[in-house]
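J.: Below are the structure tokens for one structure; questions will follow.
The values are calculated or read from the model by the stated rules, or taken from the named source; none is laboratory data. Worth saying up front: this structure is predicted, and the values here are computed from it rather than measured. Please note: Cβ atoms are built from the backbone with ideal geometry, for glycine as well, and neighbour counts cover all protein chains shown.
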Amino acid sequence: MSNGYSQAVSRIIASQQQRYVYPSEFCGSAPVPFVHQHFTVANEARALQAPAWSDYVGRILDVPINRSQVESGFRGEIDSYVLSDMIYLDCRTDPFAQVRTASRISTDGVRNYVFHVAVEGIIETATGPGRQRKSAQFVPGILALDLNQTMHMVRPTYARVLAFFLPRAMVEAEIPDAESIHGRVIGYTSPLTRLILDHLQMLCRRLPALSPAEIETTIRVCAQLIIAAFAKQARLGEKTRAAAHAAVRNEVQGYINVNLHQRKLSPESVLGLFRLPRASLYRMFEHEGGLGAYIRNCRLRAAADELVEFPKMAIMEIAYGLCFSSASDFTRAFRRSYGMSPQDFRALALDMLLPD
């Protein structure tokens, strides 16, 4: 931490672990719905403004400082409203970047979900291994972040951002596979999200004039609406993933059926062609005993059809044509599936086809 900060800033930064004092911990006889704290670097020396901001945010994020920020100064202020089970922040800053790294995650106990609302400015966020998912908020929208995962956020312009820090249990109770929303953005395009926008605008414009009870209620309603919006998107996402899963399965099945007579057909060849994770491909055919068992059963069904369709074709020719390694291998597999030998199956099927 840099030296030379004002007394107010030094006091707040020095008490990093107690920065967010929950109402239940607040000293006093009467319970309070929330604790409000205002932090600003406006009164610091120009060269110390960016370092002070970095030290303040540094409890959970890394904030790199560049020469321009030190030479030109940095505008940064934040209002924190700490409720008993959530935190609401209203943050206004000059351009800067903040990063949550794997090493930071491994050394702190912060595991909340945080929902960022872009009110002014541009926010660009990269998440996932190698920063694969990139989310840009050029227009007002809500970004979901899981603080148990890495992220790199850049605000290339002046920005005003609202943030809701919500407990993991609260979010995961409502959103299936909640970790998957990390890096997602939803816009105000539905009746539910437009209702969120109305409440957010109330927070921005009227919050200082509201009573403590009204402030708490408004923050809680916003948080609940945001969770509901992402829960709805997650459910729609489940339907989309199910449809995509079915489409891919149909493609795989089509490829298998066309290539039953090809010796190259195997689980490995399917993996190579469709480039699916091995675990995903196995789950796709788990009820059939796995992909290898599915291919074998398809070949047995094709063999049963050919035994009847080509009554004069030698059984061994059918077996080898469908890539069975030996007569005994084919006969054992066929008997397990149909309860009789290939010869008996052909005789019974042909007998049933004869006119009375």
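J.: Tell me which of these Gly321 doesn't satisfy, since it passes every other one: (1) modelled with pLDDT of 90 or more; (2) outside the structural domain of Met340 (by the TED database); (3) of a type outside the set (S, T, N, Q).
T.: All conditions pass for Gly321, except number (2).
J.: Looking at Ala349, is it buried (at least 16 other Cβ atoms within 10 Å of the Cβ) and part of a helix (DSSP H, G or I)? Show your work before the answer.
T.: Numbers: buried (at least 16 other Cβ atoms within 10 Å of the Cβ): no; part of a helix (DSSP H, G or I): yes.
The answer is no for Ala349.
J.: Something else now. Taking segment 110-142, which residues are at pLDDT 95 or above and hydrophobic (A, V, I, L, M, F, W, C)?
T.: Selection gives Val114, Phe115.
J.: Kindly indicate which of Ala173, Ala209, Ala169 is in the same structural domain as Gln69 (by the TED database), farther than 18 Å from Leu83 by Cβ and small (Gly, Ala, Ser).
T.: Ala209
J.: Conditions first: (1) buried (at least 16 other Cβ atoms within 10 Å of the Cβ); (2) at pLDDT below 95; (3) in contact with a helix residue (DSSP H, G or I) (Cβ under 7 Å, 6 or more places away or on another chain). Ala159 passes all but one, so which condition is the exception?
T.: For Ala159, the exception is condition (3).
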